[in-house]
Amino acid sequence: MMAERFLVLFAREPRRQAVEKGLAGPAGERLFAAFARGWADAAARVGARVAVASPRADHAGWRRCLAGFEVAFLDQRGGSFGERLEDSARQAAELGGRAVVVGGDVAPSSEVLREAFELLERGGDAVLAPAPDGGVSLVGLLAEDVDLLGRIAPRRADVFSRLSESLLARGRRLCLVAAAPDVDSRRQLGRLLRSLPAWLRETARQALSPPRSRFREPHLLSLLPQRTCPSGLRAPPAAA
C-alpha cells in the first residue's frame, strides 16, 4: 500500500507575503493567494493532502484564502528561518507518509509535484528543486535528515549546493526535479514573468503595476486665480 502524500506549504499568509516581497497591496495579495490555491489544486491532482506551516497568527488569513480546500495547519516555531523550516518538516514527518515542502512564493506546478512524490516512492531518499538564485524551492527528506534544514539561511546562493553535498555525504540517494521559479522581490517577479504559467501572468502583471494614487492630478484650471474661472469650469474638489 502506497504511503500517504502530504504537500506542506511553508509560508506567511498572502497579505503578509506580499508586504515582505515588496508587492504590498491587493494585487500582490491576489498573486500569492493564487500561488497557494494553485498548489492546493496541484495536490488534489496528485492525491496529496495539504498542510500549511505558518505562524498561528496567520491561520485565519489562510483559512480565508484556502476556503473550500481541506487543510491541516502546522505552527511555525523557531528563532530563525532554518529553525522554523526544520521544525515544520519534523511536524510534517509526524503525519506519516511522505512529505514535500514548498515555499509560498514558488509558482505552482502539478507536474513537478507529481514527479517529486514519484521519485520518493521509487526509492529516493531526498528530492530537491533548485531555485534559479541558488536556493531550493521544493524539498522532500527522510525524517532523519530534516536537521539539515536548520542550517538554511534565506537568500543565500549556496543553499542548494550545500544541502546537496550534505545529503550525498550521508549516502542518500538524491533526486532532482525541474528548477522552480520563486518570487523574492518585485524585480525578480519581473524577470520571471514569462516563465510563470499562463494563467498566472495577468495576476503577476497587475502586482507589478505601480499602485494608483488616491489623489487625482489637479485640473489645470485650478491653478488659475479663483476669479478667472468661468462658471461651470471650476476644477472638481480634491478626492478625499
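At-a-glance table
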| quantity | calculated |
| --- | --- |
| The chain: angle of helix 159-169 to the longest principal axis, Cα-based, in degrees nearest 10 | 0 degrees |
| The chain, dipole about Cα centre (Lys/Arg Cβ +1, Asp/Glu Cβ -1), debye to the nearest 20 | 1260 debye |
| Kirkwood Rh, angstrom, the chain [1 / mean 1/r, Cα pairs] | 19.5 Å |
| Cα point-scatterer Debye curve for region 93-136, base-10 log of I(q)/I(0) at q = 0.24, 0.26, 0.34 Å⁻¹ | -0.99, -1.10, -1.31 |
| Rounded Å value of the spacing that divides the Cα centres of region 154-170 and region 84-118 | 17 Å |
| ARG186 paired with SER161, simple spin-label distance in nm, labels 7 Å along Cα-to-beta-carbon | 3.2 nm |
| Residue-averaged [θ]222 nm for the chain, counting only DSSP H segments that reach four residues, each worth -39500 (n - 2.57) | -11000 deg cm²/dmol |
| Within a Gaussian network of the chain (alpha carbon springs, distance under 10 Å), most fluctuating of LEU113, LEU196, LEU168 | LEU168 |
| Where labels lie 7 Å past Cα in the beta-carbon direction, separation of LEU95 and GLU70 in nm | 1.2 nm |
| Heavy-atom surface of the chain, accessible at 1.4 Å and reported per residue (Å²) | 54 Å² |
| Net charge of Cβ neighbours under 14 Å - reference ALA143; Lys, Arg +1; Asp, Glu -1 | -3 |
| Built amide H within the under 5 Å cut-off of ALA48, gap 5+ | none |
| Degrees between helix 81-93 axis and first principal axis of the chain (Cα, 0 to 90, nearest 10) | 50 degrees |
| For the chain, share of DSSP beta bridges that run antiparallel, in % to the nearest 5 | 25 percent |
| Among ASP147, ASP182, ASP105: highest mean-square fluctuation, GNM of the chain, C-alpha pairs under 10 Å | ASP147 |
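The values are calculated or read from the model by the stated rules, or taken from the named source; none is laboratory data. In this text, all values refer to a predicted model and were calculated from it rather than measured experimentally. All Cβ positions, glycine included, derive from the backbone under ideal geometry; neighbour counts span all protein chains shown. Surface accessibility is based on the protein's heavy atoms, side chains included, excluding ligands, DNA and RNA. Shrake-Rupley method; radii C 1.70, N 1.55, O 1.52, S 1.80 Å.
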